[in-house]
1. For the chain, take the convex hull of the Cα atoms, compute a quarter of its surface area, and give me that in nm², please.
2. Consider all pairwise Cα distances in region 128-218 and report the whole-number % of them above 16 Å.
3. So how do 65-75, 198-208, 308-318 stack up, highest first, on mean other-Cβ count within 10 Å?
4. As I understand it, the value is the acute angle between the Cα axis of helix 272-285 and the longest principal axis of the Cα atoms of the chain; what does it come to in degrees, rounded to 10?
5. What is the chain's relative contact order, in percent, from Cα pairs under 8 angstrom and six or more apart in sequence?
6. Which order do peptides 146-155, 10-19 fall in by mean Cβ count within 10 Å, highest first?
7. In region 1-100, what is the volume of the convex hull around the alpha carbon atoms, normalised per residue and reported in Å³?
8. Angle between the Cα long axis of helix 232-256 and the longest principal axis of the chain, 0 to 90 degrees, nearest 10?
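No lab work stands behind these numbers, since they all come straight from the coordinates. Please read all numbers here as calculations on a predicted model, not as lab measurements. Backbone-built Cβ (ideal geometry, glycine too); neighbour counts: all protein chains shown.
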Amino acid sequence: MASASKSGDATIGVDLGGSHVTAILAGEDGVVSHRSSYDITDLSIGAVVKLMSGAIRDVSAKVASVSAVGIGSPGNIDLRNGTVRYSPNFHWVNVPLGDELRAVLDLPIFIGNDARCATLGEHTYGSGKGVKNFVLLTLGTGVGGGIVADGTLLIGNSAATGEFGHHQIRATDGFICGCGKIGCFEAQASGTGLLRHVLDCAPSFPRSTLLGDKPYDVGSKAIRKAAEAGDPHALAAWNRFIDDLARGIANIIAFLNPDVIALGGGVSSAGDFMLDALRPKVEELTTMAPKGAAKIVVATLGNDAGAIGAAVMARRGGLLSSLY
Ligand SMILES: [Zn+2]
């Protein structure tokens, strides 16, 4: 681990996940010098603030001074004060996360949606660096995203622009989404969606050993590896997953036709195995834009994208100021 600058003016980025909170100290070059991570076992605001402030103190102790803290949180965020208006993962409604943290930390605190922070991180240092029109899709438990248009991260009305996960791609024959609709992109093409495809096609593979004794515990990585190894059950589910991912991406191309679409999150570790199957299907479904003009790549910052982007947000004084 490299030592951080002692000259002060450091910014801290925090990623609030469903099962962990991670704080990092990132330099202006995007390199992470220190990190602190805690598992979340209690989703109440008090417990989360305690863990988060602990992680922030851990990394701030490594430098002379900290100028600001940025936090990427799931859900819809009121960017003026950092109140989480709605976060289904935490079952939070109008939770004043920003004010709770300011009460225990004497630091400027900026909060934004986690996927928008990850987009800012990838656009500043990763797969979107130097790209004028960029889209990040994070394929994890859900599908998050963000849009950079003409070099600017889009925030939009109520900071709700870029919720790709909840456009419906199979409104009549899809899985029920966590948001209540049927066949949302997230329900079909997230890591969780991949597992649902596996469960859905299980009756066609009575001799399959893919699911084992605990069918709901099979991870997307294990499914993808089995598909790569030619397991017929995993491959059937994988192909359905790729079909649905291609539908959603082709829709994004129809609306935005960005220069680059980067895929992040756990599933994207499939790399070329995923991209080689995905690209021709997306091209098939791309009608009004030149086929292949929007490049589909794998994101490069991995699990750190959200925290690194949150540090960028802190340096800029909030997501809103990235407009200027
Ligand atoms: Zn939905």
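1. In nm², the orientation-averaged hull projection of the chain is 16.8.
2. In whole percent, the share of Cα-Cα pairs in region 128-218 beyond 16 Å is 63.
3. With the highest mean Cβ count within 10 Å placed first, the list reads 308-318, 65-75, 198-208.
4. 70 degrees
5. The normalised contact order for the chain reaches 21 percent.
6. Numbers: 146-155: 19.2, 10-19: 24.5.
Ranked by mean Cβ neighbours within 10 Å, highest first: 10-19, 146-155.
7. Details: hull volume 9.6 nm³, N = 100.
Convex hull volume per residue, Cα atoms: 96 Å³.
8. Here the helix axis deviates by roughly 60 degrees.
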